[in-house]
Structures are given as structure tokens and as C-alpha cells.
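Every number in this text was worked out from the coordinates using simple rules, so none of it is lab data. In this text, all values refer to a predicted model and were calculated from it rather than measured experimentally. Here the Cβ positions follow ideal geometry from the backbone for every residue, glycine too, while neighbour counts run over all protein chains shown.
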Amino acid sequence: MFPVAAAPRSRSVSKPATVPPLPTAPAVPEGRRTPRARPLWYAVVFPGLPDAELQRLALHARQFTSFVSLEMPDALLLEIRGSLKLFGPLTDLHARIDACWAQLAVRAQSATAPATLAALWFARAAHPADPADPADPAHRMVLDDPGQLSGRLASLSISCTRWDAARLHTLRAMGVVTLGDLLRLPRAGLARRLGPAAVLDLDMALGRRDGPRRAFVPRERFRERCDFESEIDSVAYLEKAALPLIGRCARFLRTRQAGVQALELKLRHRARPVTRVRLGLASITGERHRLFGVLAQKLTRLELPAPVRGIELVSGPLQALPADSFDAFTGLGRGGSRDTAAQLVERLRARLGEQAVYGVCPLPEHRPEAAWQKVREFQFSRTLSGAGMPVSEDRPRPVWLLHEPVPLPAPPATLEEGPERIESGWWDGRGVARDYYVAREAHGERLWIFQERHTARWYVHGVFA
Amino acid sequence: MPRDISSLADILADARVWKLKDASAAPPRPVWSTGRSALDARLPGGGWPTASLIEVLIDESGLGEVQLFLPALVACQRAAIGEAPWLVWIAPPHEPYAPALAQQGIELTRLLVVRPGCAVEALWAAEQALSSGICAAVLLWLQGTDDRWLRRLKLAAEAGGALGVLFRPERHRFESSPASLRLLMTWRGGEAHLELLKVQGGRPGPVDLGGS
């Protein structure tokens, strides 16, 4: 579901034109190499395909293999070594994938080769398969032997490399028409004239160098509608109606080993715009009871503007579940019904609003008002350090800080501690130059006050509660 | 057919009822020191009781009322295991100042500040937090409330095992309250006075905070 992506192939030419050394001998001694299946690539080119279509076709390609790579603008690469066991011999599998494109009525040219670029180049050179006869073998290059690569590539025209026009023009001027002509040229000269990227491409086409690809991950969402036979005007019924949708959403997430952090419930009315109920979760989850808990809390607070004809549940983007979320025994030791901090935050936010629940954290800053900030994301899973935050300040600091310093009409009667001079922030235009004191007010409140040094005015900034 | 049940004793006598533990054999609830020996000496068990509701009556913030609880908050955060060491502060009168709390040793990654829109929402949030079982302490600032809600908070605190602290103005002094401990903080004659109005299992009366 969430494959580890290989680094994308770099086409950078910014380095000086040095020839990458040809890997002649394996870097690791033969006996210690890990035996790994050689990848086998099926490439398909769709000439003249609109941009947005490629993703849709990639979804179709995923029925044959879990590794599909988008080759912009008009091609796909499928790793099919792993699929051979399931789909039978290579020629059968190739024909099956070709038949899929014929069924979709898209023009496709395909080829299979043991190297990424070779497969792509063969596919570009191939004639479009005849949709009427998808099994026509004359137009397909199906090759599994890396030893044959250079011989078979030799007959291809250099235009199937898709290098830029200037480079191809240089080559044609040199009398190079096919890849065979190109491969006969000395590497060093080639690198100087065409840049090292071209030499890299050739190495990749010949299978001497890996061409890592990034697997295509479909952007899936859960989206399901439910229309009612009669209109619903009570929130309690609405909750009942949404329950199966939540259940199906949870099942959808479970089969994909994924979770969501946001859901949206759309309520459709007869003659009014759709009411959107946004459900935020404090942590990524796919659990039915948590999704439903948040929904129920939101719905109880909802005032229906009009009777509801139908509902639609749409999930936010799917995200990988944190690794510790599969603990079957969570909660058993603590009396079963106890919930987690994430659920508490979720429940509070569902009713009071996203902004109403936050944390605070100190910042390394001398200006008191800038020495802290609100935190909206909580690290629920982090284990406690036990020591708390490093204490950077040993001067008295009040438990409460006022939003804004409040002017004092007269200088205070009793100053208990101070002054502590804080002078900072001149560089960002919000500079302060203050002398802070701890003062006792007539009614007994212990206050944190300061005198601004430029104006000599007094302000209250905090309360020692 | 269910039998006619006349009393609790009948139920307990039934062989189908399993008793997990004798209630009287339950270990005593932990008690957290207030950090002031004069006050500890007056409280049953020698500190703030957990799983109970404490009410502090005070008119103006600034007499050190939060300071009375900070040592206990630090201690119960350190002692808590697993998911329990959360502190929830509901509707505090000003912004809790992170550097000051860090200075005192509070684990700020386990502190939630809640800003409800009205008193009912604040009480609801307090009930949720107290009964969640993951909070070490819940502090709530309120202007007024009724007896019924306080009873719910007390039950929630007992169920969740958290220390519940409610700050209210002094005018509620003569109303009945289900809190197991009621304190009054005032400023008279140039010093802060602390009076225990109600102590379950202890003796009410003024406390001499002295310099401790």
C-alpha cells in the first residue's frame, strides 16, 4: 500500500562532463552478493494521451503488479517479474496486459525488457498494436535475456531516446541514425559531446546501471452516498443513518492498512446548499468506534437548517497508520472502557471547536510575550523524559501572563523583587526595554509589573497565582 | 426468571456473583503533598487527596492559589504511569505562562488548556477530562454553577481517579457543595489567609501558612 520509494532518476547535467566508470566487475565479491530477482519491465506508451488520463490507466495497470511507475508524459512502466508466477509465462502475461489497453480502446505500444529504459525505447519504437488483433505478435518486443539487449537495441532509431532536439541534431550531423551507430562511438567522446546524462541513459538501457523508479501510489479516498426514501429532520435518526457509512469507511481503511485524520459528512437538502460537517481527529485512525464517536459528538451539536434527503461521507487523504496502532490489548489492563489522550482531545475539540483545545510550550526568547507559544499538535505516543523541560530561567516568572500589558495608573506601593532588566528584540521592530519587578497590590495580588524605560510608564504583565 | 431482589446483601449472597476484591482491603488512594507542611498537617492523609473534588473559593487571582497545587501536579505527573499524566486546565483566567510552569517542573507536553465558550461547556469538558482516566489532575475556573453539576464532577473525579480542583468566587461560600475539601483564600491585614471550610475526615478552621 505504501511502498518505499526508490530515489528518482536524476537527469542533472550540472556536474562537469566526466564519464562515469563502467561497472565491469561487481563491487561485491561474487559469493557474498545477495540473490535478488532481476526486475523485468513491461513498458507501454500511449501516443497522444491527455495528461490526466495516465493516472487512470495506471490504476488499471495495478491489477497486474503492485509496482507501476508513471513515465511522464505518456508512458507507464510495470515491474512484472513478480507477476509471472500468477499470470503464467511471459508472453501470456504480456498479451494479457496488452489486451487490457485494447479493451479500454486506447492506442498503446508495448515492450518488455530487463532494463527500464530499454523497455521504454522498445515500446516507443514499436508500431501501435492493432486493437482488432491484440495478440498480433509481430509488433511486440518481449525480451528477458540481458545479453541480447545491445544487439536488439542497435536497430532502434535514436529518436526513441527522447533526447532534446539539439542533441539529436548533433548526432544526425555526425551520421548517427540508430542506437547501434551510437553504441559504436567511444564513451569519452560521447560524454563530451552529449553530456554525461546521455551516457547514463545508455548504461541504463543496456542494463549496466539501475534506473530506480518510484512506485505510483493512487490517491484514494473513501466516498460513499446514501439517499433516504423519506426526508430526515431529526439528528438522532441522522446518526443512525450514518452508522453503516462509518462502518464501511472503517472496513475500507482496514483493508488498506490506512487511517484518516479528517472526514466530512455532507448533508443534502431539497432546496438549500449542502451542509458540511467536518470531523477532525486528533491522531490518524481507522477505528470504527472512534470515527463514530466524533461524528456523534458533532451531530448532537448540529442544528439542521432543513430536512435531509441524503448524506455522503468523504474521507480525507489516506495516511499510513502509526506502527503501534495494532495493539490488540490496548486498554485491557486499565479497565476496558478507559480511553486515550487522543480520544479525549478529539471529543473536546468536536464539541468546543478546534481552537479551544491547545497546549503551551516555552521558547528560548528573552521577551516574556515571545517566550511561549500555543501548540495544536500533541505527541501522544512520545514517552516522557521524566525530567521536564530544561529550565533556562531562574528569575521569578508568573503562572499567568496577560494577553497585553495593562497600564498602571500609579507606580505600585510595594516592590518585593527587582529590577530585572529585559532589553531585546530591537532587530525585528518589536523591541522592548523594560525593568521588571514583583509587586504586591493593595488587595493582596502578587503581580509581575514593568516600567518601560523610554516612557517611564508602569504596566502589569503577569499574575503570580 | 430473575429472582426477586430485595437488598444488596441478597445479590452478594448469590453464587453467580463474583466479588473481585473486598472494598475495605483496597489500597489507600495516593495523597500529594501541598508543599507546605502547615497545610499538609491539617489534611487527612497529609496532602491533597486524589479521586476527589477540591473547591477553592477566591475572589481575585494572585494570592498564590495555583502555587498551592503546583508541587502536587508535578509529583502526580512524575508518579503516573502509561497514559495517565495529563493535566487539563479549563477556562483559566489568563494564559498559563509556559516558562513559569516549566520552571516549576511541569511536563508541558502533557498539559491541555481548554477554552470553552460558556459555563456549561466548561463543566462538560471537566467531566469528560475527570472521567477519562488519563488525567492526573483537572483544574477548572468558574464564576458560578449549580449543585447538580458539582455532584457530577465529584462522581467523575472518583471514577477517573483524578485530582479535581475547582476555583470559584467567595460568594459561593454559603452554598452547599459536594466537594470533599473546601478552602477559602482571602487577603486581610497585609497577608494571605487560608481557611479550611470543610474537610472530610479532618477538622475545619484557619491554617497558618506562616513562611513555610
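Charged side chains reduced to their Cβ positions (Lys and Arg at +1, Asp and Glu at -1) give the stretch B:149-202 a dipole of some 200 debye around its Cα centre.
Considering all alpha-carbon pairs of the stretch B:75-212, what whole percent are spaced by more than 27 angstrom? It works out to 25 percent of all Cα pairs. Peptide B:118-127 has a mean shielding of 2, counted as Cβ atoms of other protein chains within 10 Å of each residue's Cβ.
Once the Cα atoms of helix B:70-79 and of chain B are each reduced to a long axis, what angle between those two axes, in degrees from 0 to 90 to the nearest 10, is obtained? Rounded to the nearest ten degrees, it is 40.
What ranking, highest mean first, results for peptides A:242-253, A:418-429 when packing means the other Cβ atoms within 10 Å averaged over each residue?
A:242-253, A:418-429
Bin width 10 Å, alpha-carbon pairs only: give the P(r) of the stretch A:143-213 as whole percents, running from 0 to the bin holding the largest distance. Going out from 0 Å in 10 Å bins, the stretch A:143-213 shows 19, 58, 22, 2 percent.
Dipole magnitude of the stretch B:64-212 about its Cα centre, charges +1 at Lys/Arg Cβ and -1 at Asp/Glu Cβ only, in debye to the nearest 20? Display every interim value, and only then the final one.
On the way: 14 positive and 14 negative charges, 53 e Å.
About 260 debye.
For the residues of A:352-358, the average number of beta carbons from a partner chain within 10 Å of their own beta carbon is 5. Quick check: the angle from helix B:119-131's long axis to the longest principal axis of chain B, C-alpha only, nearest 10 degrees? Tilt of helix B:119-131: around 60 degrees. Per residue of peptide A:394-403, the mean number of Cβ atoms on other chains within 10 Å of the residue Cβ is 6.
I'd like the orientation of helix B:147-160 relative to chain B: the angle between its Cα long axis and the longest Cα principal axis, in ° from 0 to 90, rounded to 10. Helix B:147-160 and the main axis of chain B meet at about 70 degrees.
Considering only B:ARG188, B:ARG42, B:ARG148, the mean-square fluctuation computed in a Gaussian network model of chain B, springs between alpha carbons under 10 angstrom, is largest for B:ARG188. If the Kirkwood radius is taken over C-alpha pairs of the stretch A:41-205, then at 4 °C and 1.567 mPa s the Stokes-Einstein diffusion coefficient equals 79 µm²/s. Take the Cα radius of gyration of the stretch A:223-350 and divide it by 2.2 N^0.38 Å, N being the number of residues; the result is 1.10.
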